Amino acid sequence: MKKIYIIAILMVAAAIVLLTSAAEDMSTYGNFSDAAAMGNRVKISGQLSKDKEMHYNPERDPNYFSFYMTDAKGEERKVVLLSERPQDFELSEQLVLTGSMKGDEFIATDMLMKCPSKYKDEEVYIKSEVK
Amino acid sequence: MQEIQYIGEHLLPGKIGQLAIMLSFSTALLSAAAYFFAVQRRGRPAEAANWLRIGRWSFGLHGLSTFTLIGTMFYIMIQQYYEYQYVQAHVSDDLPMKYIFSAFWEGQEGSFLLWMFWHIVLGALLILSDKKWEAPTLAVLATIQVFIGSMILGVYVGFGDDPMRIGSNPMMLLRDVVDAPIFASADYVSQIGGTGLNPLLQNYWMTIHPPTLFLGFASTAIPFAYAIAALWLNDHKGWLTQGLRWALFSGGILGVGILMGGAWAYEALSFGGYWAWDPVENMSLVPWLILVAGIHTNLIAKATGHSIRSTYIFYVLTFAFILYSTFLTRSGVLGETSVHAFTEMGLERQLIAFVVAFLGLGAFMIAWRYKSVPAPQREEAASSREFWMFIGSLVLLFSGLIITWSTSLPVYNKIMAYFDPDYIGRVITDPIPHYNKYQIWIAIFIGLLSGVSQYLRYREFNFSKYAAKFGLHLGIAIGLSLLMSYLTTLWIDIYAWQYKLLLFFGWFIIVSNLDYLFSMSRGSFKMASATLSHGGFGLMIVGILASGLNQEVISNNLFVMEGLIQGATDEQMRKNVILFKNSPLVMGEYEVTYVSDTVDQFTRTFTVEYKRRDKSGKVVEEFALYPNILYDKTFSKVAASNPSTKHYLGRDIFTHIASLPMVEIDLEFRRQREDSLNYKMHEALLGQTLYFRDTVPLTDQDTFYIKDFQARLLGIDRSPSHHDYHKEQGDLPIGLSMELQRMDDDSVYLIKPVLVLRGQMLYSYPVQINDISTKVRLDEGIFDAVFGREVEMDYQSFTFKQGDRISYNGHQISFSGFNKQPQHENYEPEEGDIAVSAMISVQAKDGSNHLAQPLYLIRNSSPLNLKDEVPALGLHFRFTGIDPKTETVELMIGQADTTERPIPFQVATDSLRSDYIVLEAISFPGINLFWVGSSLMMIGLILGMFLRIRRP
């Protein structure tokens, strides 16, 4: 058998090993109760509770932004994002948080926001309104 | 419904554009077909020549019509014809012309056109440079143009209520795309404005990055076209030289395009890094990796005749992955996994068809000719260079496939959800460690292979003779690399053995390549390009390790933070600090001060000073960084935050504004905040000291602050200054000098709030004392307190001759003469004025002496007078007339109530300070090694191309 084939087979084997181990790095979008039960880092997607209080006071702590989010199962929890308050936060349609539960709070270190597209059909800028 | 006759629309460019789109598409189709027959009829030269001519002409026409379309689009964009949807979406009145290119390729249609543009340019080069391969390669290229051209067609195919739309047409009128009530008015054109270019994209990177990247994208089509052409003609060796040249060009340009993306992210965006394993980055990297694999097998094929099949496969895969990347980034399938904003345009099916068609074409051609591709019977020797180069190519392919696998997870989720609606999609929790974990081993392998195989020879048949030399050089290289790695660890902290291994191999590539260049290849130019690329790769690895592992957030002042966050453990995540204006803060080895900020249109630039001191406290280094933010058009939010970076040879200090006080972000919020301040009224006499107490509720807790204050009024200022107040003619300003102190604070603040009466309006200029979160403003009652007693007083008229003296309310008043050069605090001389003042001396009851100079003025033939007063006595003088005959003057004298009235002012003690920025600062050591190394890689590739054009 050609040496190349041996090496190719070795690589395929390595690939299988790598990709099965890659499953550890993956998770489904979880919810708060899963996160509390598991205790490790998870990704949670949900919606901002717009009626609840948002708190960011950089004078006290520029890396502390708290708000409430409702996860896919409808459970609402307080979330602490260890970062500044992002722009357009209140406009977000969906949030994806990475972090873990600490007591009753979800401590997030990373957040992605999905905002409404700027190409929405209604949004025709009218000059007279801008003025 | 009645047709509306619209006013002010420019429909001609639209018609030209539509024509150009159709022509561009149909000529591409014709060209593809003609070139196809030119190849198929190659047995009959006369017919083939005719087809070739048609193909060439129609490709020329295709180029012409595409350029016309691009020109028309630029025309309507520059003219700001907002009746066109594309113009409305990407241009606005305030968009500077220098961003017109950026605006052009901000949209999908524009970037498709950019891509087509490069294909046409490269196609023209092919026609000019390689007559032999013109027909088959152009047939492929024109077919690609047909597919891209279809993306901007905008025609509907099919019947019924839901016809399928093909392409998104960039020349559409807004009113045909959007249904809005405004289109009911015939003159809607004069009422609409543009959306404009996303502020994040308003920088020069957006001008240079997309054209470079798209040239890179477009250029991968050429090796692909050659591969298909060679399979088609069954000529498997004749294309290797040209294929290699173009592949080297493509590798260089695509690489530069990718690097520019990284540089953009690092220099101009607030990502805080140059690579984040974002899906969009990944999917431009993967084709590059496979292309580089193809370059290596192409080299093998040229040198030994091995690996021709793999070269075909790699070039086909490169182009297929370019198309797959286009699909991923433009279809919206990546959704929430990427920070890049994508818009769905309903082109998914077309994009999938694009990928499938060319992957299928490649696969079919390879399968068709597989048996006839020549391959040497003899196997490569394990001691030969080609053997290990080939393994290296496989490793690169492998790397690309792993990245693709992880990046494609959203696609996999979508497919699974299609079959099983209950399927819950999977995501990678932390992408960066995930990718690093695998790619580190790829990099180690590549380091090993490219270092060792450099010393090996092509078609090795007698390794035993060569082994001693090989071993010697390898030994030297290993030794030197170990030394260099050790020295590197003195500079940067490499904390895991995997990274140490990678560091070693990084140096190993550099050392072995240099050694090979000087001692074995004896400075051969061809080898120089390989050395440059490989050495650059090694340098890049060292740079990545240095800047990635030892990047340090210096803006985490733990002293300030401690105890403030409950439940947080990850110190690394605390990346922001708050910087109060003019209060230095120690960050890492620097003393950082936020000094000032300036606003220019929508940009606000902050000056942040960095000072480094030696042990004795002397400043040894000082520099300023200027991060800025861009407001949106209504000043209600920050649209973009642009970092500023200090570049040293050995490292970078990166700084950006993470946040600002809410009152500084949103003008409307600032107004509301000002209105909601809890002002309390106080009053006191001049010279008096007032004590008062205030309670402030804390926002998120049921507690109150109780604060005691002390205020002392110093005096009234009739011509006060205030940094926001600009004096206008006719203003009646009043300022109150006062001292304010919060009793728990040592500092006494000397302030002067100002109130201005301008016409019928009152303008207040309060003073904010940030350190004690207090704001002071004057109450309008101050006018009564200061001027009120004057309003109520009666004037008596007197006639004076020079030297006359009268008694008034017990004061002796005399007129001692005229002043022809009068000065008066409210008088500003104008041309044509006749002004004179009366010098009046007053000897008061108590024996004190005072002077007053009321002014008499004739301006524009009408008499005016400006009064003067002796405040201590409450005496007011007006100079109302001169009688030249009798040489007398007429003076009005009034006596005001001298008892002082208390002066009212208002204090709000809940006015939070707003003189700070929230800053993120990161130190990136050795990042220049990354830039230099990666640039050398690309220079090596381009150099390789030039060397092979000169001497194939």
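When the range B:195-228 is filtered for residues that are farther than 23 Å from B:ALA357 by Cβ and of a type in the set (S, T, N, Q), the ones remaining, listed by number, are B:THR195, B:ASN198, B:GLN202, B:ASN203, B:THR207, B:THR212. Scanning the range B:163-215 for residues that are in a loop (DSSP other than H, G, I, E, B), touching a helix residue (DSSP H, G or I) at 6+ places or on another chain (Cβ under 8 Å) and within 9 Å of chain A (Cβ to nearest Cβ) yields B:VAL178, B:GLY193, B:GLY194, B:THR195, B:GLY196.
Screening the candidates B:SER529, B:SER533, B:SER481 for the property of being among the polar types (S, T, N, Q), modelled with pLDDT of 90 or more, buried (at least 19 other Cβ atoms within 10 Å of the Cβ) and under 25 Å from B:LEU259 (Cβ atoms) yields one hit, B:SER533. Taking B:LEU328, is it open to solvent by less than 10 Å² (accessible area, probe 1.4 Å) and at pLDDT below 90? It is true that B:LEU328 is open to solvent by less than 10 Å² (accessible area, probe 1.4 Å) and at pLDDT below 90.
Here B:SER399 fulfils each of the conditions (1) closer than 30 Å to B:ILE352 by Cα; (2) modelled with pLDDT of 90 or more; (3) surrounded by fewer than 18 Cβ atoms within 10 Å (Cβ to Cβ) apart from (3). Selection of the range B:917-929 for residues being in a helix (DSSP H, G or I) and open to solvent by less than 20 Å² (accessible area, probe 1.4 Å) yields only B:ILE927. Would you confirm whether any residue within the range B:848-863 is closer than 29 Å to B:GLN729 by Cβ, of a type outside the set (A, V, I, L, M), touching a helix residue (DSSP H, G or I) at 6+ places or on another chain (Cβ under 9 Å) and modelled with pLDDT under 85? Scanning the range B:848-863 turns up no residue that is closer than 29 Å to B:GLN729 by Cβ, of a type outside the set (A, V, I, L, M), touching a helix residue (DSSP H, G or I) at 6+ places or on another chain (Cβ under 9 Å) and modelled with pLDDT under 85.
Can you pull out every residue in the range B:606-634 that is among the polar types (S, T, N, Q), free of Cβ contacts under 8 Å to residues at least 24 places away in the same chain and over 14 Å from B:LYS581 (Cα atoms)? Selection gives B:SER616 alone. Among the residues of the range B:681-697, which ones are open to solvent by 50 Å² or more (accessible area, probe 1.4 Å) and farther than 19 Å from B:GLY735 by Cα? Hits for the range B:681-697 are B:TYR691, B:ARG693, B:THR695, B:PRO697. Here the range B:649-671 is the region considered, the condition is being farther than 20 Å from B:PHE580 by Cβ and touching a residue at least 40 places away in the same chain (Cβ under 8 Å), and the residue that is most open to solvent (accessible area, probe 1.4 Å) is B:LEU649. In the condition set (1) part of a helix (DSSP H, G or I); (2) of a type in the set (Phe, Trp, Tyr); (3) crowded, with 22+ Cβ neighbours inside 10 Å, B:TYR81 is compliant with all but (1). When residues in the range B:129-150 are screened for being over 22 Å from B:ASN234 (Cβ atoms) and open to solvent by 10 Å² or more (accessible area, probe 1.4 Å), 4 of them pass. For the range B:902-916, the candidate set comprises residues that are over 22 Å from B:SER737 (Cα atoms) and surrounded by fewer than 20 Cβ atoms within 10 Å (Cβ to Cβ); within that set, the residue that is nearest to the other protein chains (Cβ to nearest Cβ) is B:LEU912. Each residue in the range B:167-184 was checked for being touching a residue at least 40 places away in the same chain (Cβ under 8 Å) and farther than 22 Å from B:PRO13 by Cα, and 1 of them qualify. Set side by side, the residues B:ILE440, B:ILE415 differ, and just one is more than 32 Å from the chain's Cα centre (by Cα) and surrounded by fewer than 19 Cβ atoms within 10 Å (Cβ to Cβ), which is B:ILE415.
Taking the range B:327-439 and the helices (runs of 4 or more DSSP H) fully enclosed by it, the elements with 1 or more residues that are among the aromatic types (Phe, Trp, Tyr) and within 23 Å of B:ILE144 (Cα to Cα) are at B:348-369. Do you know which of the residues in the range A:86-101 that are aliphatic (A, V, I, L, M) and over 13 Å from the mean Cα position of the chain (by Cα) is most open to solvent (accessible area, probe 1.4 Å)? Step by step, filter the range A:86-101, then rank; the result is A:LEU91. The strands (runs of 3 or more DSSP E) falling completely within the range B:761-852 that include 2 or more residues that are hydroxyl-bearing (Ser, Thr, Tyr) and over 25 Å from B:LEU864 (Cβ atoms) map to B:761-765. In this structure, does B:GLU739 turn out to be in contact (Cβ under 8 Å) with a residue 12 or more places away in the chain, open to solvent by less than 60 Å² (accessible area, probe 1.4 Å) and within 21 Å of B:LEU685 (Cβ to Cβ)? So B:GLU739 fits the description; yes.
Of all the criteria given as (1) at the interface with chain B (Cβ under 9 Å from one of its Cβ atoms); (2) at pLDDT 85 or above; (3) more than 25 Å from B:ASP278 (Cα to Cα), the one not satisfied by A:GLU122 is (2). Within the range B:143-191, the only residue that satisfies the criterion of being among the hydrophobic types (A, V, I, L, M, F, W, C) and touching a His at 6+ places or on another chain (Cβ under 7 Å) is B:ILE144.
One residue stands out among those in the range B:220-253 that are polar (S, T, N, Q) and not in a helix (DSSP H, G or I): the one that is modelled with the highest pLDDT, which is B:THR220. Residue by residue through the range B:418-437, note down the ones that are more than 9 Å from chain A (Cβ to nearest Cβ) and either open to solvent by less than 60 Å² (accessible area, probe 1.4 Å) or of a type in the set (A, V, I, L, M) (or both). Correct list: B:TYR423, B:ILE432, B:TYR435. Tell me whether the range B:483-495 contains one or more residues that are in contact with a helix residue (DSSP H, G or I) (Cβ under 8 Å, 6 or more places away or on another chain), among the acidic types (Asp, Glu) and either away from chain A (no Cβ under 14 Å) or in a helix (DSSP H, G or I) (or both). Scanning the range B:483-495, I find at least one residue that is in contact with a helix residue (DSSP H, G or I) (Cβ under 8 Å, 6 or more places away or on another chain), among the acidic types (Asp, Glu) and either away from chain A (no Cβ under 14 Å) or in a helix (DSSP H, G or I) (or both), so the answer is yes. For the range B:628-637, does any single residue satisfy the condition of being more than 20 Å from B:GLN768 (Cβ to Cβ), outside any strand (DSSP E or B), of a type outside the set (D, E, K, R) and within 14 Å of another protein chain (Cβ to nearest Cβ)? Yes, because at least one residue in the range B:628-637 is more than 20 Å from B:GLN768 (Cβ to Cβ), outside any strand (DSSP E or B), of a type outside the set (D, E, K, R) and within 14 Å of another protein chain (Cβ to nearest Cβ).
Between B:ILE100, B:ILE70, the distinction of being away from chain A (no Cβ under 14 Å), part of a helix (DSSP H, G or I) and either at pLDDT 95 or above or under 30 Å from B:LEU233 (Cβ atoms) (or both) belongs to B:ILE70 only.
The values are calculated or read from the model by the stated rules, or taken from the named source; none is laboratory data. If you're wondering where the values come from, they're calculated on a predicted model, not measured in any experiment. Positions of Cβ are backbone-derived with ideal geometry, glycine not excepted, and every protein chain shown enters the neighbour counts. Heads up: the accessible areas ignore ligands, DNA and RNA and are worked out on the full protein's heavy atoms, side chains in. Shrake-Rupley method; radii C 1.70, N 1.55, O 1.52, S 1.80 Å.
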